[in-house]
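Input: a single structure, listed below in structure tokens.
Read-outs: derived from the displayed coordinates by stated rules, not from any lab. Computed from a predicted model, the values in this text were never measured in an experiment. Note that each Cβ is placed from the backbone with ideal geometry, even for glycine, and that neighbours are counted across all protein chains shown.
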Amino acid sequence: MGISRMDQAVYNVLNASPIDLGYYHPYIVDFAVVLPVVAIFFHFVSILVAGKDNKDTDFFKAANILFFGSVIAIILAYITGIDGSVEMRESLSREGRQLFDAHAALGRYLFLGFFLLLLIKLISLVVKKEAVRYLVGTLFFIAVLVLLYQNTLGNSLVFDYAAGVVTSPY
């Protein structure tokens, strides 16, 4: 399957960088998984505790802050995942390459999906309608479920196919 045009364009820019951003991918991915999970939890709690008088709860504010932080973490996870992807893919077996291609494609879709979700979230903050808020919550919940599946694929790549694992010559 190889690398997509979008990934290739980002890879070419990152390849000229003196910093090896691919090294930071495992660390950033932890934040990219945990922040959305906590944000969706706070979002649902804010819906449950919000009454007619209290539309702007602290849980809603915390969910918004965590949501915006999670979008940043997902963008960084996507960028750092592309940086070392070409070399890492070549070091895998055939089954590992297929899983890696699925992981890379799903990562690209998650990146684009969370960017679209960010735009919808910004619209919902301006419009301030309950229906739009529930729509954002539902879409965000689905995106978090897909993100957890993406995390499972990444864990399988590392633990089953040793992707990104460096061994000592001793």
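In table form, for the structure just shown:
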read-out: Span-like helix ranges in the chain, DSSP H, alpha carbon extent 18 angstrom or more, Kyte mean at least -1.0; value: 25-49, 58-83, 94-127, 130-161
read-out: Helix-only [θ]222 nm of the chain, DSSP H runs n ≥ 4, -39500 (n - 2.57) each, per residue, nearest 500; value: -27500 deg cm²/dmol
read-out: Size of electric dipole in the chain: Cβ of Lys, Arg +1 and of Asp, Glu -1, about Cα centre, debye, nearest 20; value: 660
read-out: Candidates VAL34, VAL126, VAL45: whichever shows maximal mean-square fluctuation once the chain is modelled as a Gaussian network with Cα springs under 10 Å; value: VAL126
read-out: Under 13 Å from the VAL165 label point (7 Å along Cα→beta-carbon), backbone N, the range 88-118; value: 92-93
read-out: Lysine pair count for the chain [Cα-Cα under 15 Å; pairs on different chains or 8 or more apart]; value: 7
read-out: Exposed-site-free run, longest, the chain (rule: trypsin sites (Lys or Arg not before Pro); DSSP loop; at most 16 other C-beta within 10 Å); value: 56-127
read-out: Directionally averaged projected area (convex hull, Cα atoms, the range 59-144), nm²; value: 6.1
read-out: Positive dipole terminus of the range 15-170, leading residue within LEU106, TYR23, ALA39 (C-beta point charges); value: ALA39
read-out: Label assignment, Cα Rg over 2.2 N^0.38 Å derived from the structure, set [x] 1.17; [y] 1.06; [z] 1.67; value: [x]
read-out: Translational diffusion coefficient (Stokes-Einstein; Kirkwood radius from C-alpha pairs) of the range 106-165 at 10 °C, 1.306 mPa s, in µm²/s; value: 123
read-out: Net charge of Cβ neighbours under 13 Å - reference ALA163; Lys, Arg +1; Asp, Glu -1; value: -3
read-out: Dipole magnitude (debye, nearest 20) for the range 70-170, charges at Cβ of Lys, Arg, Asp, Glu; value: 520
read-out: Given charges at Cβ of Lys, Arg, Asp, Glu: the chain dipole, positive-most of ALA62, ASN155, ALA9; value: ALA62
